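The values are calculated or read from the model by the stated rules, or taken from the named source; none is laboratory data. All of these numbers come straight from a predicted model, not from anything done at the bench. Ideal geometry is used to build each Cβ from the backbone, glycine not excepted, and the neighbour counts take in all protein chains shown.
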Amino acid sequence: MYKGTHDALPDIRNEQVLIYINGTLTPREHAKVSVFDSGFLVGDGVWEGIRLHHDVFVFLDRHLDRLYQGAKAISLDIGMTRDELTAALWQTVRANDMHDNVHVRLMVTRGTKKTPSQDPRLTKGGRTLVIIAEHKQSNPAVFAHGISLFTSTIRRPPPGTLDPKLNCHSKLHEIMALNQAIQAGADEALMLDVNGAVSTCNSTNFFIVVKGQVWTSTGQHCLNGITRGKVIELARANGIPVFEKDFSLVDVYSADEAFVTGTFGGLTPAVKIDGQVIGDGQAGRMTSHLRDLYLAEIERWVLAA
């Protein structure tokens, strides 16, 4: 049975959703892109996962900042202004009569190639833009019971190889790490950086709690997660000591608590890592407190929209 930070409650409505593809809304079963698309051929593209909560796209500005930053870094022309892209997001969720507990996957690739090749000059016709909106409510059992992690032998690459700050379509090393974790009987993978310091998980950011302090990695070898950044801000605003620093697995195994962050699951406790029970094996006081602060911040965001 699947258990992880992206575990969602079943929703039959998703079988009938309309998918946005380059301005056209298409039924899910007929939604397709070309086999010559750059994303399919060489993983050339950037994407964002965004939550719709009570008719508000939560932290949308930050998601768009990261999307456009990533697109610029790989010389990809999105071909739409932020307002136009936002309008496309609204067009998609309104066409599907969506209002709450919605997860949106926004993907932009370099577009269709004339022939299979890495060369961006062989792209014709401009970028491909896809928006997939689904009814997705996180499974409350995941927070209640927590997840287990396994430290993968696959390391996070340094910024000079494939900058982890790029939320790009090239995710193979993270998939390899996750496969190792699954084969080891864990839910998700913990990944180290090139120097052996703890970096991140395969699809979420990682934190530990040590004697009332919250630790996370330096951020140089992990995605600049929107939820990660928000948790750091909330901790500082509420007088909770939080540090972005190098630390090792020795620190992790003896930590009082551990948790991961991501757009879909928010804050999720990590209760077992490499077979070692963390703390008392359930969500700790700090994890629960930060989760409450994060949920309150979402509600504040919605009311201010």
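Go over the candidates Val102, Val130, Val142 one by one and state the one that is surrounded by 14 or more Cβ atoms within 10 Å (Cβ to Cβ), in contact (Cβ under 8 Å) with a residue 12 or more places away in the chain, closer than 22 Å to Leu52 by Cβ and touching a His at 6+ places or on another chain (Cβ under 8 Å).
Val102
Would you be able to say whether some residue in region 118-126 is surrounded by 14 or more Cβ atoms within 10 Å (Cβ to Cβ) and within 24 Å of Thr5 (Cα to Cα)?
No, the conditions are met nowhere in region 118-126.
Return yes or no: is Gly23 in contact with a helix residue (DSSP H, G or I) (Cβ under 6 Å, 6 or more places away or on another chain) and either of a type in the set (Lys, Arg) or assigned by TED's automatic domain parsing to the domain that holds Val108 (or both)?
Taking the combined requirement at face value, the residue does not satisfy it.
What is the number of the single condition among (1) aromatic (Phe, Trp, Tyr); (2) at pLDDT below 95; (3) touching a helix residue (DSSP H, G or I) at 6+ places or on another chain (Cβ under 6 Å) that Tyr2 does not meet?
(3)
Does region 163-183 contain at least one residue that is of a type in the set (A, V, I, L, M), assigned to a strand (DSSP E or B) and not assigned by TED's automatic domain parsing to the domain that holds Ala73?
No, the conditions are met nowhere in region 163-183.
Restricting attention to region 271-285, which residues are in contact with a helix residue (DSSP H, G or I) (Cβ under 9 Å, 6 or more places away or on another chain) and either aliphatic (A, V, I, L, M) or within 20 Å of Leu223 (Cβ to Cβ) (or both)?
Val271, Ile273, Ile278, Ala283
Only one of Thr161, Thr218, Thr153 is in contact with a Lys or Arg (Cβ under 7 Å, 6 or more places away or on another chain), without any contact (Cβ under 8 Å) to a residue 40 or more places away in the chain, among the β-branched types (Val, Ile, Thr) and surrounded by fewer than 18 Cβ atoms within 10 Å (Cβ to Cβ); which?
Selected residue: Thr218, the only one of Thr161, Thr218, Thr153 that is in contact with a Lys or Arg (Cβ under 7 Å, 6 or more places away or on another chain), without any contact (Cβ under 8 Å) to a residue 40 or more places away in the chain, among the β-branched types (Val, Ile, Thr) and surrounded by fewer than 18 Cβ atoms within 10 Å (Cβ to Cβ).
Name the single residue that is farthest from Thr5 (Cα to Cα) among those in region 242-270 being of a type in the set (A, V, I, L, M) and under 20 Å from the mean Cα position of the chain (by Cα).
Checked region 242-270; the qualifying residue farthest from Thr5 (Cα to Cα) is Ala258.
Give me the pairs: first residue in region 45-69 and farther than 25 Å from Ser170 by Cβ, second residue surrounded by fewer than 19 Cβ atoms within 10 Å (Cβ to Cβ) and of a type in the set (Asp, Glu), beta-carbon distance under 8 Å, and six or more apart or on different chains, which are they?
That search, which allows pairs on different chains as well, returns Leu52/Asp100; His53/Asp100; His54/Asp100; Asp55/Asp100.
In this structure, is Val35 over 18 Å from the mean Cα position of the chain (by Cα), surrounded by 15 or more Cβ atoms within 10 Å (Cβ to Cβ) and either of a type in the set (Asp, Glu) or assigned by TED's automatic domain parsing to the domain that holds Lys124 (or both)?
no
Counting just the residues of region 12-33 that are in a helix (DSSP H, G or I) and among the basic types (Lys, Arg), which one comes out farthest from Ile78 (Cα to Cα)?
Arg13
Please identify the pairs in which a residue from region 229-257 that is over 20 Å from Arg285 (Cα atoms) has its Cβ atom under 9 Å from the Cβ atom of a residue that is surrounded by 14 or more Cβ atoms within 10 Å (Cβ to Cβ) and among the acidic types (Asp, Glu), counting only partners at least 6 apart or on another chain.
Asp246/Asp193; Leu249/Asp274
Could you grab me the full set of residues in region 81-109 that are under 18 Å from the mean Cα position of the chain (by Cα) and at positive phi?
Asn101
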